[in-house]
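Some notes on the structure that comes next.
The values are calculated or read from the model by the stated rules, or taken from the named source; none is laboratory data. A quick note: this is a predicted structure, and the numbers were derived from the prediction, not measured. Cβ sites come from the backbone with ideal geometry, for glycine too, and all protein chains shown count toward neighbours. Only protein heavy atoms, including side chains, enter the accessible area calculation; ligands, DNA and RNA are left aside. Shrake-Rupley method; radii C 1.70, N 1.55, O 1.52, S 1.80 Å.
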Amino acid sequence: FCTALAPVPKMAFGRWQCAALLTCAMAAMPGESMGSSPTTPETNDLRSGSSSSSSVSNHPTREQMQALFGQTHVRKDEWLLPATRAVQLGSLPKEAVTLIAGACESLRGPLFPQALLDAWQAVSSALKAAPGVEVVAELSGRFVWRYFPQLSSALGDDRKNELSAVRHAVSQFAGLGEVSAGLLVAGDGTKVPEAVTKMRAAAQLRPKDTGLALRLGVALAGVETDKSHAINFLLPHVRESLAEKKASNAAARLLAAFAFLAATGGGSEAQKLVMPALELAARQKASRGSALAALYGASLKGSVDFAQCERAFQLERDLLFAPGDCFHIVELAVLLRGAAKVPAAIAEGSRLLRGLAFDCLAEAEKLSGLGKHWLEATNRTAGIYGLASNLHSVADIRQGIRDASYVAWDQNVAKGQKLDSKERWLHVEVFQAAESVNRLHDESLTIAKRQKCKQLSKQHTLAKPPIEDELKCPKVSPDQFVQKCLQQHRPCILSGQANSFLRQRDGTSSLDRWVELAGNASIRVSFPFPPTSSEGTASLNSIEETTAYFQREEVHRSLEEKKREAPTSSEFPWTLVRPAQWNMRLSDAVTWARSHPQDIYMNQQMLADLGSIALNELNLPQWVAAAGLRLLSPSLWFASGAVVTGYHYDGPENLLVQLEGEKEVILLRPSAMENLYYMATADVEADVRLQDDGSARVAGLRVANRSSSGHSVIDVADAQQAAQFPLYAQAAGVNCKVGAGDVLYIPSFWHHAVATTPNENCTGLSLNLWFYHPDQPSDVKDAVSRWKLRRP
């Protein structure tokens, strides 16, 4: 369509602009759908409007990126919405318009300290430029109130006195008692009674202000043991909304709060209005009020525990006065996200979690990373952030981080900043990968790749331990798993059990199934290192002698560019070289794997990154739950060619679910640390660039300043290198061959190396499920001592 329009007179605009226009038009068609919301960067079809240029664009334009990913996410919070509205409606004095608009633009993305300081500079300048103007004083006060924790941290102790000017300006207007109260409680949470006094006075001047009424009502319920005063204060607002048969966002939150209070301590007249209030609030779709109303309504019907509703009300009350409190945001979001029988609550919880990276970036990054905090509940008193075993919360947070990254890129481009061509932006990489993959739609390439995969040997040339462990690798049934495997802390195979970990779906191969579910999700792929000999196997991590490696020309050049010194061989005799990585969407990675002559590997891609729809495909068999295993992290692994991963160990209990292709896993007992030569190494990551011909050139370093001690320096893919370590020749190993459909149990802290062989369709695919078990060892030493007790 776009190509056809190009020659038409007066229509000769670029294909990217055309594609963007077509995308908008299609999105506006009633009854038509393009998947999910255009504000979701990871879910739009990357090929709509893709360029046919022969080169990879290092600096795509905003229009090109929006054609691929849709419009950037826009923050909608308690300050930005009224501030934006004030700018649009012209209610600000002219000297403040540009400044407030600039603050809005700074806060469109994540709350980086500099972005917040830039916005604060603009807001405080507006207050100085328009003294005595109530709307400017109100916006300034609401700004400090909304972002108080983050702003206080960014300003530091030396500049906190700057906030006093805002408090003084707000205090000059009697109608701003709500804002004054909010500033008071934000600075000192014990001053709620004083805040109530300020809000009472303001309510006399602004009787129709729903937001003020809501805050005063819940504050009264908090400071008085008798809830009747709060209920009676809210009652006229409830009657008014019911009479009008409509509710704004603020009114929906007020209706939900009233219903909770009336249902738990109101008189008969108020209780008659509980269900009508909840039903009206629930009609305000996609809002906090509708989510809470749905939750409270479900509790009244017996499908949600009352304790959840009580905690939700408390958190909502606290967030009304401290909207930037990260602890409260996380706890409320996870609570709502876990309300399995309340779709409106799930949606609101998901929205809050996706926005976490914009408000609480450090907390979002911590929660997105693997750890026991996934299993714990948030506890403000103990200073613990947790996700209460809800992996969907992890998915939402990680998606939110991607959203934030996209907006940060867009903000830089919008400001006209020239981006460094060497800087790695996730969405730019996905864009470039899509351009490269678009050149691969040639059946001859796919046929050639399949011929290559058919010729792969099922027997890897690996440097295996010369001694076979007497334990071997027994095959057991699910009902034998606990007694023969888990309790004995020994590896075993459960044949034919792989499909029981997925919801049943006939007629679709495992890989195509994941593409169907989450083909537009972005993933990170690696480019394995080539084999060291013609008979060898490619390696995911390379072990190199430090001196020789850092003398390579491209490595030396990278160090100079990064202004880093090469490590010394005396400190680190060996260097762990991690593979070059690139971001692309899953469907493009699969096309690459099946058609591109260059192999790729997707290792430990969290299933959460593929979204909730992918997580919903996971099924845990009854025998797993009966064993007391709690799922910690499911991840997906994919290889298009034969590849080896070197020796390492994992703390969690591990079930390797082989879906397609085969794996050969070499396992050694926890006590084999010395035999495997774990030692401190320099730890670097190779760099990669997509070339004009669509290939990926791996050269130089992306990361050059780390060290590691969690890997063996024995390279099982290089027999000559492995022969340098005499104690390895005394090691005893278990060799497990895992075919498609099998499940391998890898006990915690067992050392293992993995060799993958894809099938004839160039697919090696597996699920890696990490579990927490209350009785698992705490570390390697604990695992060794327990093993000795079990097996003298």
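Kindly state, to the nearest 0.05, the FRET efficiency for residue 248 paired with residue 782, given R0 = 35 Å and r defined as their beta-carbon distance.
According to the calculation, E is roughly 0.05.
Does the range 706-758 come out rounded, prolate or oblate, given a ≥ b ≥ c as the square roots of the eigenvalues of its C-alpha gyration tensor, rounded meaning a/c under 1.5 and, failing that, prolate meaning a/b above b/c?
prolate
Going from the alpha-carbon gyration tensor of the range 353-396, what semi-axes, largest first and in whole Å, does one get by taking the root of 5 times each eigenvalue?
For the range 353-396, the ellipsoid semi-axes come out as 15, 13, 9 Å.
For the range 687-792, report the accessible area per residue in Å² (1.4 Å probe, heavy atoms, rounded to an integer).
Per residue, the range 687-792 has 40 Å² of solvent-accessible surface.
Nearest 0.05, what FRET efficiency do residue 737 and residue 314 give at R0 = 35 Å with Cβ-Cβ as r?
It comes to 0.05.
What is the distance, in nm, between label points placed 7 Å from the Cα along the Cα-to-Cβ direction at residue 557 and at residue 535?
A separation of 3.6 nm, rounded to one decimal place.
Kindly identify the range 666-761 as rounded, prolate or oblate by the Cα gyration tensor criterion: order the square roots of the eigenvalues as a ≥ b ≥ c, call it rounded if a/c is under 1.5, otherwise compare a/b with b/c, prolate if a/b is larger, else oblate.
In terms of gyration-tensor shape, oblate.
Along Cα→Cβ, 7 Å out, is where each label goes; now give me the distance between the ones at residue 158 and residue 91 in nm to one decimal.
With each label placed 7 Å out from Cα toward Cβ, I get 3.8 nm.
Share of the chain's accessible area from carbon and sulfur, percent, 1.4 Å?
After summing per-atom areas, the C and S share lands at 51 percent.
Using the Karplus equation 6.51 cos²θ - 1.76 cosθ + 1.60 (θ = phi - 60°), what ³J(HN,Hα) coupling, rounded to whole Hz, does each residue of the range 658-673 give in order, writing x for Gly and Pro?
8, 9, 9, x, 9, 9, 10, 10, 9, 10, 10, 4, x, 6, 8, 3
Compute the helix-to-body angle for 134-146: its Cα long axis versus the longest principal axis of the chain, expressed 0 to 90° and rounded to tens.
It works out to around 40 degrees.
Which whole number in µm²/s is D for the range 338-442 by Stokes-Einstein, with the Kirkwood Rh taken over Cα pairs at 25 °C and 0.890 mPa s?
153 µm²/s
Could you do me a favour and compute the accessible area per residue for the range 210-335, 1.4 Å probe, result in Å²?
Here the residues of the range 210-335 average 39 Å² of exposed surface.
Please list, in order along the range 113-129, the HN-Hα scalar couplings obtained from phi with the Karplus expression 6.51 cos²θ - 1.76 cosθ + 1.60 (θ = phi - 60°), rounded to whole Hz, x for Gly and Pro.
x, 5, 4, 5, 5, 4, 5, 5, 4, 5, 5, 5, 5, 5, 5, 6, 6
Set the bar at 29 Å for Cα to Cα. Now go through 191/341; 449/663; 341/663; 246/301 and name every pair that lies beyond it.
Over 29 Å apart, Cα to Cα: 191/341; 341/663.
Cβ under 11 Å from residue 291's Cβ, residue 291 left aside: what net charge do those residues give with Lys, Arg +1 and Asp, Glu -1?
It works out to a net charge of +3.
So what is the 222 nm mean residue ellipticity for the chain from helices alone, if each DSSP H run of at least 4 adds -39500 (n - 2.57) and you divide by all residues, rounding to the nearest 500 deg cm²/dmol?
-13500 deg cm²/dmol
Could you run the Karplus curve 6.51 cos²θ - 1.76 cosθ + 1.60 with θ = phi - 60° over the range 321-330 and give me ³J(HN,Hα) per residue in whole Hz, x for Gly and Pro?
Per-residue couplings from phi come out as 9, 9, x, x, 6, 5, 4, 5, 4, 5 Hz.
First check a/c for the range 444-597, with a ≥ b ≥ c the square roots of the eigenvalues of its C-alpha gyration tensor; if it is under 1.5, answer rounded, and if not, answer prolate when a/b is larger than b/c or oblate otherwise.
Oblate, because a/c is 1.5 or more while a/b does not exceed b/c.
Between residue 121 and residue 499, what's the calculated FRET efficiency when r is the beta-carbon distance and R0 is 60 Å? Round to 0.05.
0.55
Quick one: what Rg and Dmax do you get for the chain from the alpha carbons, in Å?
Reported Rg and Dmax, both Å: 29.6, 87.
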